[in-house]
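Just so it is clear, none of the values below were taken in a lab; they were calculated from the coordinates. In this text the structure is predicted, and so the values were computed from the model without any measurement. Don't worry about glycine lacking a Cβ; one is built from the backbone with ideal geometry, like all the others, and counts go over all protein chains shown.
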Amino acid sequence: MKKYISFLVVLFVVVSCEEDVRFNNPSFQGMKNNVFWRAVQAKATLASDGSLLIEAYTGTEVMSLKMTSTTTQKYPLGTSNSKTAVYVINQGNSEIKYTTGIGIGSGEIILTEYDDLNRTISGTFKFNAKNIDDNSSSDPVLNFHQGVFYKVPVSVLVP
């Protein structure tokens with residue numbers, strides 16, 4: 001009887017030991033108005049002029065981060081139209097659009113790594129974007145903080 005109990009204990013120990021490892025690679029996520037938000041798909045496009053556009057998607061939302069190059073540095077938002085954050089919520093027949101631009105919104109995108117060999121990009125972001133629809137009953141400002149994009153694949157746009 002002791003052999004059976006010992007055998008069952010060893011069997012349960014062996015069966016219960018498993019590795020459930022999941023990789024979140026690539027990843028694009030952040031805190032949207034203090035609520036966790038994660039994209040289901042993300043991609044980046046490198047234009048022929050060297051500018052970079054990162055797009056992240058959920059079922060009804062699209063976020064776009066635009067920068068002037070792939071240089072690892074801080075890109076301030078709210079100071080130009082070449083470095084922007086745009087967030088669009090699609091509501092069937094209408095959409096709500098939040099954006100940064102010259103004198104509109106604030107924030108930053110920090111590129112921490114551009115891997116030219118594997119064609120991936122990583123970094124962080126935070127921003128306050130303004131609702132550009134004056135007639136909208138939605139929040140006038142959208143806040144994203146603790147934003148991270150990791151190993152997002154980069155494709156090259158051929159002119």
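Quick rundown of the values:
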read-out	value
FRET efficiency, Met31 to Val62 (Cβ-Cβ, R0 22 Å, nearest 0.05)	0.80
Fewest-first ranking of Met63, Met31, using other Cβ atoms within 10 Å as the exposure measure	Met31, Met63
Rounded if a/c under 1.5, otherwise prolate or oblate - region 42-103, Cα gyration tensor axes	oblate
Length added when fully stretched, Val148-Asp49, from 0.36 nm per residue minus Cα-Cα	33.2 nm
Theoretical FRET efficiency, 1/(1+(r/R0)^6), r = Cβ-Cβ of Val158 and Ser94, R0 30 Å, to 0.05	0.30
Kirkwood hydrodynamic radius over Cα pairs of region 24-156, then Stokes diffusion coefficient at 20 °C and 1.002 mPa s, in µm²/s	145
